[in-house]
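Report on one structure; see the data block that follows.
The values are calculated or read from the model by the stated rules, or taken from the named source; none is laboratory data. Predicted model, so just to flag it, every value in this text is computed and none were measured. Positions of Cβ are backbone-derived with ideal geometry, glycine not excepted, and every protein chain shown enters the neighbour counts. All accessible areas refer to the heavy atoms of the entire protein, side chains included, with ligands and DNA or RNA removed. Shrake-Rupley method; radii C 1.70, N 1.55, O 1.52, S 1.80 Å.
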Amino acid sequence: MKRALVCGAGGFIASHLVKRLKTDGYWVRGVDIKQPEFSPTAADDFRMLDLRESRNCEDAVRLNEGARAGFDEVYQLAADMGGMVSFIPPRPISCGTMH
């Protein structure tokens, strides 16, 4: 069974990607800074992590001790989408957040 990590899995597009991957027979870990907004997650494992923190990125990709290998695929859909006040410039953050 292939394993996939979906970053931003609480969002609209990524939540649908999780469902598709599950339909295709993947084991899926979803990660987001917030709970899924549109429906309960279909992910096998969902973790609320702020991926702007490197230790959280490490936690997201770490599998259990007995795992023989890592993830087969990683989908990066996590982003600050703004919202009603998206015209206000965002606060500065490190460009090296995602490695």
So, R0 is 25 Å and r is the distance between the beta-carbons of Glu65 and Arg20; what FRET efficiency does that work out to, to 0.05?
0.30
Once you list every other residue whose beta carbon is under 14 Å from the beta carbon of Asp24, what net charge do they have if Lys and Arg are +1 and Asp and Glu are -1?
+2
Accessible area, 1.4 Å probe, largest first: how do Ile13, Ile33 sort?
Ile13, Ile33
Could you calculate the contour length gain from Glu53 to Trp27, that is, 0.36 nm times the residue separation minus the distance between their Cα atoms, to one decimal place in nm?
6.9 nm
Treat every Asp and Glu Cβ in segment 1-73 as -1 and every Lys and Arg Cβ as +1, leave all other atoms uncharged, and give the resulting dipole magnitude about the Cα centre to the nearest 20 debye.
140 debye
In segment 1-80, carbon and sulfur make up what percent of the accessible area (probe 1.4 Å)?
50 percent
